[in-house]
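Participant: My questions will all concern the structure given below.
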Amino acid sequence: MKKMPRWADVALIPILNLLIAFIISGLVLLAIGKDPWAALGTMIDGSFGSSRGVGYTLYYTTNFIFTGLAMGIASHARMFNIGGEGQAALGGLGVALILLAVPWPHWTLALPAAILFGGLFGAAWAFIPAYLQAKRGSHIVITTIMFNFIAASLMGYLLTGVLKVPGKMAAETAKFPEGAHLPTFHEMLAPFGIEFSKHAPANLSFLVALLCLYVFWILVWRTRLGYNIRAFGESESAAVYAGINPAKIIIITMLISGAFAGLMAINNVMGEAERLIHNAVEGAGFIGIAVALMGRNHPIGIFLAALLFGFLWQGGAELQFEHQIPREMVTVIQALVILLTGALDNMVRRPVEKLFIMRYKAKGL
Amino acid sequence: MATATETGRQETAALASPAPAIELRGISKAFGPVQANKDISIRVEKGTVHGIIGENGAGKSTLMSILYGFYKADAGEIFIGGKETLIPDSQAAISAGIGMVFQHFKLVENFTVLENVVLGAEEGFRLTPSLRKARKLLTELAAEYELNVDPDALIEDLSVGHRQRVEILKALYRKADILILDEPTGVLTPAEADHLFRILEGLRDAGKTIILITHKLREIMDITDTVSVMRRGEMTATVKTSETSPEHLAELMVGRKVLLRVDKKPAQLGKEILKVENLRVVDEQGVERLKGIGFNIRAGEILGIAGVSGNGQSELLEVLGGYAEATGKVSLHGEELDLSGAESDAQSRRLKGIAHVPEDRHEEGLILNFHAWENMVFGYQNDPKYNKNKILMDNKAIWDETQAKMDRFDVRPPNPRLNAANFSGGNQQKIVLAREIERNPELLLIGQPTRGVDIGAIEFIHQQIVELRDQGKAILLVSVELEEVLSLADRIVVMFDGQIMGERLSSETDERELGMLMAGMKQGADA
């Protein structure tokens with residue numbers, strides 16, 4: 001039965017959700033005595049008004065694309081991978097280890113190695129929960145949450161111990177070799193005569209993220225593996241009837257999911273920090289859940305949702321800076337968007353569906 | 001609204017002397033663009049058994065759901081005992097004296113019969129008085145209507161027939177005068193069904209009104225006084241049962257003449273294709289589901305497995321389909337198949353030429369949220385002709401083949417991009433059949449080929465199965481519809497409790513004998 005056109009499902013509902021979130025945020029700002037319009041202006045100006053702002057926005061966007069893809073592929077197999085945070089952290093470890101181990105002459109060599117190791121480490125961290133789910137029936141949600149904590153502890157241990165630079169206070173590794181430096185937007189755009197801010201962290205990883213979106217699309221809708229993953233996600237009993245091995249699909253999907261999360265490290269670890277610092281992921285793993293949810297597990301949706309959250313993160317930072325709005329309030333605004341677009345999706349969906357059904361009726365369809 | 005009620009009352013009073021138990025006037029209900037009920041009016045007289053018959057999707061269940069307060073009608077009025085009644089929820093239906101026995105029972109498995117009967121109708125804070133009252137009523141009803149069930153038995157220990165009686169008792173405990181039964185015999189053996197009908201007759205004679213929803217013509221003829229026929233959301237006719245015939249009803253249901261019998265030539269038997277020996281299946285709970293069964297199927301033969309559902313037929317299909325473990329021996333063309341699951345799965349069975357139309361197309365045969373074209377290769381997605389290389393699928397090839405198959409099997413609408421969920425039951429089944437039969441298999445496993453399929457499509461599906469047989473293929477047919485097994489199969493094996501109760505040539509047996517075997521009574525049938 002037709003409930004509503006596709007454009008309403010993919011565009012209208014998220015926009016409505018977003019509007020409601022902004023309205024409530026505006027009321028919150030009014031309540032603490034700030035001008036919501038000025039705040040909105042600051043957020044937009046801060047994230048898109050300058051090349052520095054754009055650079056930050058796209059840097060965050062890149063992170064969220066990777067973790068959104070991680071969540072998205074798992075969702076196609078109807079698995080809720082909450083472990084993006086830990087998998088991205090481990091991806092960072094993989095990237096740091098390989099970049100520190102070799103005196104890289106140039107990023108063109110370092111990047112493939114970083115992609116390989118980031119992906120491998122992320123996948124490896126997802127493998128254990130995947131195996132436990134596939135073979136032992138331990139719920140993936142529980143195990144991946146646990147593995148986030150284990151990852152955080154492990155990273156803390158390594159960064160205050162074996163990986164720490166002797167004699168330094170900071171819980172971080174040594175700086176990566178010069179040859180492992182990824183071109184930033186400033187360096188990439190200079191040859192075209194475009195002046196891009198030197199201080200923005202956006203770098204070549206953004207292009208890798210775009211490439212990953214395309215790979216994701218091919219994987220899910222054009223390959224046999226994607227077909228099997230989607231079939232399993234839709235109906236396990238049907239998948240078994242068709243001869244699709246559930247354990248195999250669970251493990252493979254989670255490996256891909258972990259690898260996407262791990263790839264985030266080429267942006268935040270290799271591209272931005274150029275060393276591995278403590279808590280490098282900064283919650284991007286969790287944002288990926290909202291990104292995939294809002295993006296309907298489709299690459300275009302994931303890109304747009306990641307861009308939105310990139311804007312919220314960068315704009316939110318500006319808000320703190322410009323209006324002395326406390327950090328907690330900014331978090332409230334970000335949380336409202338996640339709540340409305342993710343968790344409360346059905347609140348808006350139902351009434352909109354009803355409206356469309358009434359319209360069908362009025363047309364006599 | 002008030003004036004409408006007034007006029008309604010006057011009209012009803014002016015009409016036939018005893019007010020009808022239920023009268024519906026101009027009921028309409030639409031789900032989005034689908035008009036499930038179109039201006040339906042019906043009178044159900046007090047103290048009668050009124051049948052409502054129609055194909056799947058004709059709108060019977062929607063109508064009853066409106067009557068029971070699950071859906072709100074878009075238009076129309078409901079009169080109970082001559083009085084206009086609003087039924088916004090099931091609580092209102094119950095207080096109006098309507099009781100409903102659903103197709104899928106709504107019982108708490110680990111509660112006793114008594115607790116289930118009282119559940120939701122407890123009086124007061126303490127449970128004991130209600131239980132005592134229910135126990136007394138149960139004893140009375142048991143004596144009066146053959147409604148005997150042990151009040152202290154746990155539901156999970158009861159047979160399906162007994163569970164259904166508990167549902168009826170629940171309704172009677174809530175003082176129902178009007179009892180609606182939705183496809184009540186679907187899960188019963190013929191003997192249990194007969195027992196149910198005796199109960200219903202007793203209730204009718206005691207003045208209760210019974211509405212029986214079914215798609216089985218025989219039941220309508222056997223038990224109802226009046227029958228209403230629904231087609232595509234409309235009530236096409238209401239007739240006295242004594243003044244109609246099954247052929248006439250079928251015609252009313254479908255809107256054209258229907259062939260109720262399967263037209264087929266005698267079987268041309270070839271060599272043995274499948275041999276099953278001492279097949280055993282133990283499920284996860286350690287219960288033996290198949291207890292060492294054996295049979296064979298020859299080329300050009302349809303072997304029918306008759307039996308009430310849940311007696312091991314599903315397990316048999318799963319084992320032969322390659323996705324359940326078993327012990328014993330199964331050979332195809334004399335070559336033994338692996339039953340341990342170590343070297344085989346559903347894929348390897350397909351490669352050996354075993355095609356499988358599963359019993360439940362929603363749970364197994366189709367992915368409802370996949371497009372028709374994606375479903376058309378489901379299970380065969382590894383076939384090189386559907387793949388460009390080891391990684392990428394050849395969607396164009398799949399698409400073209402889907403269009404061809406949809407044409408050949410007359411799938412409507414012939415749109416490969418439509419999700420499987422958006423096809424009617426019959427057309428969904430045609431998609432599965434097209435996929436499996438067009439593989440030209442050596443052995444076709446087919447479970448409940450016409451469950452939830454409209455009569456028009458049944459004819460077509462039966463023809464396809466017989467055609468495959470006539471091409472010299474072996475077919476294993478599992479169906480809970482005795483009529484279907486009798487008319488389609490060449491040889492019939494009856495299963496009961498994981499065992500084979502007997503084997504008959506379909507030309508030399510009848511429903512009575514098979515019914516006895518289905519109920520596990522060997523002696524009765526042999527005598």
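Every number in this text was worked out from the coordinates using simple rules, so none of it is lab data. Keep in mind that what you see is a predicted model, and the values were worked out from it rather than measured. Cβ sites come from the backbone with ideal geometry, for glycine too, and all protein chains shown count toward neighbours.
Participant: Looking at segment B:158-269, what % of the alpha carbon pairs are farther apart than 19 Å?
Facilitator: In whole percent, the share of Cα-Cα pairs in segment B:158-269 beyond 19 Å is 54.
Participant: Can you list the trypsin sites (Lys or Arg not before Pro) in segment B:185-269 that are in a DSSP coil and have 15 or fewer other beta carbons within 10 angstrom?
Facilitator: Passing sites in segment B:185-269 are B:232, B:256, B:257, B:261.
Participant: In the protein assembly as shown, if every C-alpha pair distance is counted and binned at 20 Å from zero, what percent goes to each bin?
Facilitator: In order of increasing distance, the bins hold 12, 35, 33, 17, 3, 0 percent.
Participant: When the Cα atoms of segment A:169-269 are enclosed in a convex hull and the volume is divided per residue, what value in Å³ results?
Facilitator: 161
Participant: Rounded to the nearest 500, what is the 222 nm mean residue ellipticity of chain B from helices alone, with -39500 (n - 2.57) per DSSP H run of 4+ residues and division by all residues?
Facilitator: -10000 deg cm²/dmol
Participant: Taking the Cβ of residue A:43 as the center, what net charge do the other residues with Cβ under 10 Å away carry, scoring Lys and Arg +1 and Asp and Glu -1?
Facilitator: Computed value for this residue: -3.
Participant: Shifting gears a bit: Any chance you could check the Cα centroid distance between segment A:187-260 and segment A:116-186 for me, in angstrom?
Facilitator: Computed from Cα coordinates, the inter-centre distance equals 20 Å.
Participant: At 10 °C and a viscosity of 1.306 mPa s, what translational diffusion coefficient does Stokes-Einstein give for segment A:44-98, taking Rh as the Kirkwood radius over Cα pairs? Give it in µm²/s as a whole number.
Facilitator: 123
Participant: Sticking to Cα atoms, compute the Rg of segment A:5-117 to one decimal and its Dmax as the biggest Cα-Cα distance, whole number, in Å.
Facilitator: When restricted to the Cα atoms of segment A:5-117, Rg and Dmax are 19.9, 55 Å.
Participant: Ignoring everything except DSSP H segments at least 4 long, calculate the 222 nm mean residue ellipticity for chain A; use -39,500 (n - 2.57) per segment, divide by total residues, nearest 500.
Facilitator: On the way: 15 runs with 246 residues, N = 365.
After summing the helix terms and dividing by the residues of chain A, the value is -22500 deg cm²/dmol.
Participant: While we're looking at this one, here's another question. Once you place label points 7 Å from the Cα toward the Cβ at residue A:335 and residue B:463, how far apart are they in nm?
Facilitator: Here the modelled spin labels are 6.5 nm apart.
Participant: If you don't mind, there's one more thing I want to ask. Which percent of Cα-Cα pairs in segment B:101-165 sits in each 10 Å bin, short to long?
Facilitator: The distribution over segment B:101-165 is 22, 53, 24, 1, given as percents.
Participant: Pick out, in residue order, every one of the trypsin sites (Lys or Arg not before Pro) in segment A:143-181 that is DSSP loop and has at most 13 other C-beta atoms within 10 Å; say none if there are none. Each step should come with its number before you reach the end.
Facilitator: Numbers: sites: A:164, A:168, A:175; in loops: A:164, A:168, A:175.
In loop regions of segment A:143-181 (DSSP not H, G, I, E or B), the sparsely surrounded trypsin sites (Lys or Arg not before Pro) are A:168.
Participant: Give me the percent of Cα-Cα pairs in segment A:58-325 that sit more than 29 Å apart, rounded to a whole number.
Facilitator: Percent of Cα pairs beyond 29 Å in segment A:58-325: 31.
Participant: Using DSSP to call loops (not H, G, I, E or B), can you name the GluC sites (Glu not before Pro) in segment B:34-111 whose Cβ has at most 12 other Cβ atoms within 10 angstrom? Could you put the intermediate results ahead of the total?
Facilitator: On the way: sites: B:45, B:55, B:77, B:84, B:109; in loops: B:45, B:55, B:109.
When the GluC sites (Glu not before Pro) of segment B:34-111 are filtered for loop state and at most 12 Cβ neighbours within 10 Å, B:109 remain.
Participant: Hey, another quick one. Mind listing the Cα extents of segment A:127-231 along all three principal axes, in Å, largest one first?
Facilitator: 53, 46, 20
Participant: A further question follows. Viscosity 0.692 mPa s, temperature 37 °C: Stokes-Einstein D of chain B from its Kirkwood Cα radius, in µm² per second?
Facilitator: 130
Participant: What is the calculated FRET efficiency for residue B:137 to residue B:251, with r their C-beta to C-beta distance and R₀ = 60 Å, to the nearest 0.05? Mind dumping the intermediate values first?
Facilitator: Working: r = 44 Å, r/R0 = 0.73.
It comes to 0.85.
Participant: With r as the distance between the Cβ atoms of residue A:359 and residue B:397 and R0 = 30 Å, compute the FRET efficiency 1/(1 + (r/R0)^6) and round to 0.05.
Facilitator: Working: r = 39 Å, r/R0 = 1.29.
Efficiency, rounded to the nearest 0.05: 0.20.
Participant: What is the packing order of peptides B:409-415, B:470-476, A:56-62, A:325-331, taking the mean over residues of other C-beta atoms within 10 Å and listing the highest first?
Facilitator: A:56-62, B:470-476, B:409-415, A:325-331
Participant: Per residue of B:358-364, count partner chain C-beta atoms within 10 Å of its C-beta, then hand back the mean as an integer. Please report the intermediate quantities before stating the final value.
Facilitator: Numbers: counts 4, 0, 3, 1, 3, 5, 7.
Averaged over the peptide's residues, the number is 3.
Participant: I would also like to ask the following. Any idea what the relative contact order of chain A is, in percent, if you count C-alpha pairs under 8 Å spaced at least 6 apart?
Facilitator: Dividing the mean separation by the residue count of chain A yields 34 percent.
Participant: Mind checking A:231-240 for the average number of partner chain beta-carbons within 10 Å of each residue's beta-carbon? Walk me through the intermediate numbers first.
Facilitator: Details: counts 8, 1, 2, 5, 9, 1, 7, 14, 6, 8.
Whole-number average of other-chain Cβ neighbours for A:231-240 is 6.
Participant: Please report, in whole Å³, the volume per residue of the convex hull around the C-alpha atoms of segment A:181-329.
Facilitator: 152
Participant: Can I ask one more? Per residue, how much space in cubic angstrom lies within the convex hull of the C-alpha atoms of segment B:154-209?
Facilitator: Spread over its residues, the Cα hull of segment B:154-209 gives 80 Å³ apiece.
Participant: Next up: Which order do the peptides A:75-84, B:436-445, A:348-357 take when ranked by the mean count of other beta-carbon atoms within 10 Å per residue, highest first? Each step should come with its number before you reach the end.
Facilitator: Details: A:75-84: 24.5, B:436-445: 19.8, A:348-357: 15.3.
Answer by packing, highest mean first, reads A:75-84, B:436-445, A:348-357.
Participant: Given R₀ = 25 Å, FRET efficiency for residue A:222-residue A:296 by Cβ-Cβ distance, to 0.05?
Facilitator: Details: r = 18 Å, r/R0 = 0.72.
The computed FRET efficiency comes out at 0.90.
Participant: Moving on to the next point. Find how much the distance from residue B:38 to residue B:122 grows on full extension, using 0.36 nm per residue of separation minus their present alpha carbon separation; answer in nm with one decimal.
Facilitator: Gain on extension, residue B:38 to residue B:122, equals 26.4 nm.
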